[in-house]
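For reference, the structure discussed in these notes is given below.
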Amino acid sequence: MEKTSRIAILGGGIGGLVCASELNHRAGSKAEITVFDRSDYHTYQPAFLHLALGERKLDKIRRPLEKLKKQGINFLSGDIFRIDQENMVINAEHGDFEFDYMVISLGTQLDPGALNGFEDNALNLYTADGAARIKEALGSFESGKIVIAVSSMPYKCPAAPYEMAFLINAYLKKKKRRENVEISIITPEPQPMPVAGAEIGQNLVNMLEAHDIEYLPKQKITSIDEKQVALEKKRVKADLIIGIPPHSCPEVIKDAGMTGKSGWLEVDRHTLKTKHENIYAIGDNTHIGLANGKA
Ligand SMILES: Cc1cc2nc3c(=O)[nH]c(=O)nc-3n(C[C@H](O)[C@H](O)[C@H](O)COP(=O)(O)OP(=O)(O)OC[C@H]3O[C@@H](n4cnc5c(N)ncnc54)[C@H](O)[C@@H]3O)c2cc1C
């Protein structure tokens with residue numbers, strides 16, 4: 001009888017779930033697939049923007065990972081503590097598990113504590129809880145300045161701060177409060193979405209200008225203080241600060257010594273194979289060199 005391959009998918013985010021479903025579809029009974037995640041739910045992060053505007057509810061943007069079992073995919077809830085790539089063992093909340101193949105899809109680690117004052121003075125657009133707090137703040141925001149602050153690069157979804165600014169602009173117009181509110185984006189990027197190229201970046205800058213949204217690129221934020229964003233050479237006053245926190249590769253991957261020079265899991269861009277035998281990686285925890293020289 002043909003041997004069944006044991007495949008571990010580390011992380012039930014978009015990358016992990018698409019991979020699990022596709023492998024299950026293609027390999028059928030030749031593979032036994034197990035998804036690990038510390039959360040019992042898959043939450044669709046792009047909808048955080050709509051959560052922040054009160055256009056979506058949390059239970060409409062997340063699904064229980066237990067549902068994977070209906071497709072014949074195992075789900076193990078709990079933290080992954082250690083990846084032993086030599087012996088193909090995962091040490092997780094429920095014990096040690098041995099596999100033939102691994103796909104690492106643990107996303108990015110958000111490190112709000114890495115920027116002074118972020119946790120106390122900014123509302124975090126990149127968590128469901130933070131988005132819910134933004135909704136509360138916008139609901140009663142009558143006048144003043146809203147700053148969208150990008151802590152550092154790289155960060156996931158480079159379009160999100162710009163989308164947020166345009167959505168807030170439309171929201172305030174609808175509520176007839178826009179003329180009393182200034183909106184500003186502060187970012188270390190040289191242009192919006194650098195990976196998309198100069199032309200798209202300039203088009204976006206023009207759109208921001210047309211909607212009276214101030215744009216401050218190439219700014220290093222040194223701290224976020226109460227109602228103030230501190231830059232290297234000046235301070236910007238704000239009544240509401242919406243922040244994108246610093247990002248890094250998840251600790252468990254760093255601890256396993258699996259990161260490359262980039263600080264992320266480096267993979268072959270054609271096969272998503274890491275340099276470790278039978279270990280692949282997908283999604284935000286990877287570093288993939290692109291044809292245009294960016295990553
Ligand atoms: C506000 C916002 C808007 C966005 N908009 C877009 C968009 O319009 N288009 C787009 O393409 N992308 C968008 N994104 C980005 C997109 O959501 C991510 O690129 C995508 O979720 C990455 O998928 P992933 O599987 O790599 O990681 P994730 O979806 O982050 O999943 C990682 C999973 O690993 C789990 N995990 C991590 N560490 C451990 C551990 N030690 N033990 C157990 N489990 C662990 C986490 O719980 C998580 O479920 C947006 C993101 C945000 C925040």
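Split the accessible area of the chain by element, probe 1.4 Å, and carbon with sulfur accounts for 49%. Report the Cα centroid-to-centroid distance between the stretch 1-36 and the stretch 102-159 in angstrom, as an integer. The distance from the Cα centre of the stretch 1-36 to that of the stretch 102-159 comes to 32 Å. Panel note: the C-alpha atoms of the stretch 166-250, placed on their principal axes, show extents of 40, 36, 30 Å (largest first).
In this structure the chain gives 53 Å² per residue of accessible area when probed at 1.4 Å with all protein chains present. Taking only the C-alpha atoms of the chain, the Rg (one decimal) and the largest Cα-Cα distance, Dmax (whole number), read 21.0, 72 Å. Across the stretch 67-179, how many lysine pairs, 8 or more apart or on two chains, come within less than 19 Å at their alpha-carbon atoms? Pairs that pass both the separation and distance tests number 9. Summed over qualifying helices (DSSP H, 4 residues or more, each -39500 (n - 2.57)) and divided by its residue number, the chain shows a 222 nm mean residue ellipticity of -6500 deg cm²/dmol. Each principal axis of the Cα atoms in the stretch 110-247 has its own extent, and those three values, largest first, are 35, 35, 30 angstrom.
Taking only alpha carbon atoms, the stretch 142-183 gives an Rg to Rh ratio of 1.06, where Rh is the Kirkwood radius. Structural descriptor for the chain: relative contact order 21 percent, calculated from alpha carbon pairs under 8 angstrom and at least 6 residues apart.
Each label point was placed 7 Å from the Cα along the Cα-to-Cβ direction; for D120 and E251 their separation is 2.3 nm.
How would the stretch 53-154 be classified by its alpha-carbon gyration tensor: rounded, prolate or oblate, with rounded meaning a/c under 1.5 and the a/b versus b/c comparison settling the rest? Here the stretch 53-154 falls in the oblate category.
The values are calculated or read from the model by the stated rules, or taken from the named source; none is laboratory data. Here the structure is a predicted model, which means the values were calculated and not measured. Using ideal geometry, Cβ is built from the backbone for each residue, glycine included, and neighbour counts are taken over all protein chains shown. What goes into the accessible areas is simple: the full protein's heavy atoms, side chains included, and nothing from ligands, DNA or RNA. Shrake-Rupley method; radii C 1.70, N 1.55, O 1.52, S 1.80 Å.
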